[in-house]
Amino acid sequence: MDIALDKVTEIILRLRAVEVKEGATDPDSGSNPTDDGSIDMLVAGTDDATEQEIRSMIAGLNEDERADLGALLYIGRGDYEAAEWGTAVAFAKEREAAGDTVMRELLGTPDGASLLEEGLDALGIPMDTPEAP
């Protein structure tokens, strides 16, 4: 794999942060977070930078790293088996060249983080999770 495991892990963690968010549920938002029970933390909004961070991280990857990320998604989704890694990478490069970017696929897939993790698991690569302090 050309992409570092820590990069994949960081993308998975940030995708999870985006995936748990929902639309506005607090009509009186803007008051004290303690009074609101801090529910605004899980609401997607225009000031949420997490999705932009994911976009920046993926945009900063080179072609091979983006292809690996796409291949992990395809393997996790069941489009390819782990033994077909090379074919999955080649397909990801074809999709990228055709304008169907891995960024769009990941952000457009409701469970993209889980699929990436399943792709790693299928390859026998344990996810590099940060340890709690």
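The values are calculated or read from the model by the stated rules, or taken from the named source; none is laboratory data. Note that the structure is predicted; figures quoted are calculated from it, not measured. Using ideal geometry, Cβ is built from the backbone for each residue, glycine included, and neighbour counts are taken over all protein chains shown. Keep in mind that these areas ignore ligands, DNA and RNA; they rest on the heavy atoms of the full protein, side chains included. Shrake-Rupley method; radii C 1.70, N 1.55, O 1.52, S 1.80 Å.
If a residue has to be surrounded by fewer than 18 Cβ atoms within 10 Å (Cβ to Cβ) and at pLDDT 90 or above to count, how many in segment 110-125 make the cut? The qualifying residues number 8.
Confirm whether Ala90 is in a helix (DSSP H, G or I), without any contact (Cβ under 8 Å) to a residue 24 or more places away in the chain and open to solvent by less than 80 Å² (accessible area, probe 1.4 Å). For Ala90, the condition - in a helix (DSSP H, G or I), without any contact (Cβ under 8 Å) to a residue 24 or more places away in the chain and open to solvent by less than 80 Å² (accessible area, probe 1.4 Å) - is met.
So that you can scan it fast, the table gives a plain yes or no per residue for (1) of a type in the set (D, E, K, R); (2) at pLDDT 90 or above; (3) within 20 Å of Lys7 (Cα to Cα):
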site: Arg66; (1), (2), (3): yes, yes, yes
site: Tyr74; (1), (2), (3): no, yes, yes
site: Gly99; (1), (2), (3): no, no, no
site: Glu105; (1), (2), (3): yes, no, yes
site: Gly108; (1), (2), (3): no, no, yes
site: Glu131; (1), (2), (3): yes, no, yes
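Ala97 fulfils the conditions (1) closer than 17 Å to Asp121 by Cα; (2) open to solvent by 70 Å² or more (accessible area, probe 1.4 Å) except for a single criterion, (1). Screening the candidates Gly78, Gly112 for the property of being touching a residue at least 24 places away in the same chain (Cβ under 8 Å) and over 16 Å from Ile3 (Cα atoms) yields one hit, Gly112.
Confirm whether Asp2 is at pLDDT 55 or above, under 30 Å from Gly124 (Cβ atoms) and assigned to a loop (DSSP other than H, G, I, E, B). Taking the combined requirement at face value, the residue satisfies it.
Hey, does segment 94-113 have a residue that's touching a Gly at 6+ places or on another chain (Cβ under 8 Å) and among the small types (Gly, Ala, Ser)?
From segment 94-113, those touching a Gly at 6+ places or on another chain (Cβ under 8 Å) are 95-96, 102, 105-106; that's our starting set.
Still in the running and among the small types (Gly, Ala, Ser): none.
Within segment 94-113, none of the residues are touching a Gly at 6+ places or on another chain (Cβ under 8 Å) and among the small types (Gly, Ala, Ser).
Of the residues screened, Tyr80 is one that is modelled with pLDDT of 95 or more and either open to solvent by 60 Å² or more (accessible area, probe 1.4 Å) or more than 15 Å from Leu107 (Cα to Cα) (or both). Please work out which residue is farthest from Ser114 (Cα to Cα), limiting yourself to segment 66-75 and to residues that are open to solvent by less than 10 Å² (accessible area, probe 1.4 Å) and of a type outside the set (A, V, I, L, M). The extreme case among them is Asp68.
Search segment 14-38 for residues being closer than 20 Å to Thr109 by Cα and open to solvent by less than 60 Å² (accessible area, probe 1.4 Å), and hand back the single one that is modelled with the highest pLDDT. By that ranking, first place goes to Leu15.
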